[in-house]
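See structure below.
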Amino acid sequence: MSPLTKDSSEIDRETSADHHDDVHARRDDVIVRKLPDRTVLLNGTTGHAFELNALGSAIWELLDGVRSWSEIETELAHRFAAPADRIAADLTAFRSGLEGAALIRRVRP
């Protein structure tokens, strides 16, 4: 299961690994509601809502405009004690969903 779901369906997953050192940040117009077992995001421009699982919530918190995707991957592998290849696959899918939903902005390539 992807860490990001939109209305219980999958979001397009086309993200290139060539951008692993890019830095992104959460968009300011995204409304965030943290719940005990998930996080809900509302795109303030489109009105679309997104639900994040525990992994997605952790990624969302790490998108601070300072860390690169590779740094986030390293942190998640440590935090969740998961194989790096599994974290990388989930992170790639999640990033694609966030970009497609206009929930993040690129800070620097």
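Here are the numbers:
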read-out: Elements of type strands (runs of 3 or more DSSP E) contained in region 34-109, each with 1 or more residues being touching a residue at least 60 places away in the same chain (Cβ under 8 Å) and aliphatic (A, V, I, L, M); value: 38-43, 104-108
read-out: Whichever residue in region 36-49 is closer than 21 Å to LEU76 by Cα and at pLDDT 95 or above and, among such residues, is surrounded by the fewest Cβ atoms within 10 Å (Cβ to Cβ); value: VAL40
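The values are calculated or read from the model by the stated rules, or taken from the named source; none is laboratory data. Small disclaimer: the values here were computed from a predicted structure and weren't measured. Using ideal geometry, Cβ is built from the backbone for each residue, glycine included, and neighbour counts are taken over all protein chains shown.
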